[in-house]
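The values are calculated or read from the model by the stated rules, or taken from the named source; none is laboratory data. Here the structure is a predicted model, which is why all the values come from computation and not from measurement. Glycine gets a Cβ as well: all are built from the backbone with ideal geometry, and neighbour counts include every protein chain shown. When the accessible area is computed, the model is the full protein with side chains, heavy atoms only, and any ligands, DNA or RNA have been set aside. Shrake-Rupley method; radii C 1.70, N 1.55, O 1.52, S 1.80 Å.
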Amino acid sequence: MIRRPPRSTLSSSSAASDVYKRQVESNIYNAEKALNDWQHVSAEQKEALKKTVDEARKLVSKSNGDEGNGSITNEQLKEVHDKLHAAVMEGGKAEYQAKAAANK
């Protein structure tokens, strides 16, 4: 599906920014859910993910203009999106491996 900017928005960069923000917000939700579901992931990994979630939440808040001047680049949003995604994937892998080892 091709995402297009809203008709009231003439700038495609604004639409891209909105898409990145939604992706980051979705990753924040998934990360928080994973933190609640994980039983075998180390405390260090959970703490690292919590820090990344906090960083992402601050960035989204700043991009919404709730904090600061709202001058967040798409690159910054993509970077925090990638960090969140990688942390959730790494924790999920650790959870899977720990469960597999426990079932042997």
Q: Pop out the ³J(HN,Hα) list for the range 53-62 in order, Karplus 6.51 cos²θ - 1.76 cosθ + 1.60 with θ = phi - 60°, rounded to Hz; leave Gly and Pro as x.
A: 4, 4, 4, 5, 4, 5, 5, 5, 4, 5
Q. Can you put Thr52, Thr73 in order of accessible area, largest first, using a 1.4 Å probe?
A. Thr73, Thr52
Q | Probe 1.4 Å, all protein chains present, accessible-area order of Ser61, Ser26, largest first | A | Ser26, Ser61
Q | For peptides 76-85, 27-36, sequence by mean Cβ density within 10 Å, most packed first | A | 76-85, 27-36
